[in-house]
Amino acid sequence: MAKPNKKVPESSVDIYCNGCKTQLFKYRKGGKGSLIKCFKQRITKDFTLVPCSCPKCKTIFARDTLVRGVPAFKMIGTKVFTK
């Protein structure tokens, strides 16, 4: 399997909790598709206290996993949105 691109994308998105609208991450996302996974190396600013859990409403929004041998968060579909 191919690893993610070494070159980090220029554009960044803000990731928010869908329940309480709290900002979770500032993330360097590549492509135009929906957010399915977040590679940990591309997270530029992390606002969470406990990994994969919203700091305000304590909702679990992702699963900690390996994707193509690289640590990542696999997002749960309706728990987050991006701007």
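Derivation of every value follows stated rules applied to the coordinates shown; laboratory data play no part. These figures come from a predicted structure and were not determined experimentally. No Cβ is skipped: glycine too gets one built from the backbone with ideal geometry, and neighbour counts run over all protein chains shown.
Any residue at all in the range 41-53 that is β-branched (Val, Ile, Thr) and exposed (fewer than 13 other Cβ atoms within 10 Å of the Cβ)? Within the range 41-53, one or more residues are β-branched (Val, Ile, Thr) and exposed (fewer than 13 other Cβ atoms within 10 Å of the Cβ).
Across the range 60-83, the qualifying residues are those that are under 12 Å from Tyr16 (Cα atoms) and among the polar types (S, T, N, Q), and the one among them that is farthest from the chain's Cα centre (by Cα) is Thr78.
Among the residues of the range 1-53, those identified as assigned to a loop (DSSP other than H, G, I, E, B), among the polar types (S, T, N, Q) and either within 14 Å of Lys83 (Cβ to Cβ) or in contact with a Leu (Cβ under 8 Å, 6 or more places away or on another chain) (or both) are Ser11, Ser12, Asn18, Thr22, Ser34, Thr48.
Within the range 56-83, residues that are touching a residue at least 60 places away in the same chain (Cβ under 8 Å) and under 18 Å from Gly30 (Cβ atoms) sit with their Cβ atoms under 7 Å from residues that are surrounded by 12 or more Cβ atoms within 10 Å (Cβ to Cβ) and aliphatic (A, V, I, L, M), at 6+ positions apart or across chains, in these pairs: Val80/Ile15; Val80/Leu24; Val80/Leu35; Thr82/Val13; Thr82/Ile15; Thr82/Leu35; Lys83/Val13.
Each residue in the range 57-83 was checked for being part of a loop (DSSP other than H, G, I, E, B) and either in contact with a Lys or Arg (Cβ under 9 Å, 6 or more places away or on another chain) or surrounded by 15 or more Cβ atoms within 10 Å (Cβ to Cβ) (or both), and 6 pass.
For the range 16-29, the condition holds for no residue, the condition being that it is of a type in the set (Val, Ile, Thr), in contact (Cβ under 8 Å) with a residue 60 or more places away in the chain and touching a Phe, Trp or Tyr at 6+ places or on another chain (Cβ under 7 Å).
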